[in-house]
């Protein structure tokens, strides 16, 4: 059951809204920071070790039963950009809708009531994994993989990049993704004992600044 649930949750066709977001890739392409497979790999590596690490730890902590409200506040504190906070909550609201229809859960119902505009997506992801019978490692892998697969998929559309090249980028990042997940789950277990200050707080200032600029564009292909 758990393996099947993980496949459903990690499937890009799961209606969680991620297809509308580029994870900062659109802004990076516009200014020339991402121009092909090599620069995409560097961009995704940076996201994985910053935003991805934080998201993976938040998701794992939610599976372990840490208070969602405390995790949501911690996610807010780790997201300086208002545009990224809005995007994270929109994604969280969409994921909550999809998750409640797929794996009905009192915890998901409670989050939907408490956060009508959406809780941060990694927190909802963790609660969804918990409702589906998955563990903290599963949730952390989903969060970390989404952090790099979203920009890779978006860049295929933005640059007409060969999909095989984008897939090769993700494959090359797989060992680092494993390490990030291990560290994120370890941090999440510390959160259970000592509180949310044990969560990673990795900074990515350029992503934050670019998100604010992107949000002001009159015309854009992706929501973030």
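In the chain, the calculated helix contribution to ellipticity at 222 nm averages -22500 deg cm²/dmol per residue, counting -39,500 (n - 2.57) for every DSSP H run with n ≥ 4.
In the chain, the longest principal axis of the Cα atoms and the axis of helix 53-63 are about 20 degrees apart.
Please arrange 196, 29 by how many other C-beta atoms lie within 10 Å of their C-beta, fewest to most. Before the final figure, lay out each step's value.
Details: 196 19, 29 23.
Fewest-to-most Cβ neighbours within 10 Å comes out as 196, 29.
Taking 7 Å steps out from each Cα toward its Cβ at residue 117 and residue 206 produces label points 3.0 nm apart.
The residues 164, 43, 222, when put in order of fewest to most other Cβ atoms within 10 Å, stand as 164, 222, 43.
When each of 210, 22 is scored by the number of other beta-carbon atoms lying within 10 Å, the sequence from fewest to most is 210, 22.
Length gain on complete extension for the stretch residue 77 to residue 168, per 0.36 nm per residue less the alpha carbon to alpha carbon distance?
Values: separation 91, 0.36 × 91 = 32.76 nm, distance 3.38 nm.
Length difference between fully extended and current span is 29.4 nm.
Here is the size of the range 2-215 from its Cα atoms: Rg then Dmax, 15.9, 47 Å.
Helix 121-131 and the longest principal axis of the Cα set of the chain meet at an angle near 50°.
Spacing of the modelled spin labels on residue 219 and residue 189, each 7 Å from Cα toward Cβ, amounts to 5.3 nm. Axis angle, to the nearest 10 degrees, between helix 82-102 and the longest C-alpha principal axis of the chain: 60 degrees. The peptide list 94-107, 150-163, put in order of mean Cβ contacts within 10 Å with the highest first, becomes 150-163, 94-107.
Taken together, the values in this text are just the output of simple stated rules run on the coordinates, not laboratory data. All values reported here derive from a predicted model rather than from experimental measurement. Note that we place each Cβ from the backbone using ideal geometry, even for glycine, and neighbour counts take in every protein chain shown.
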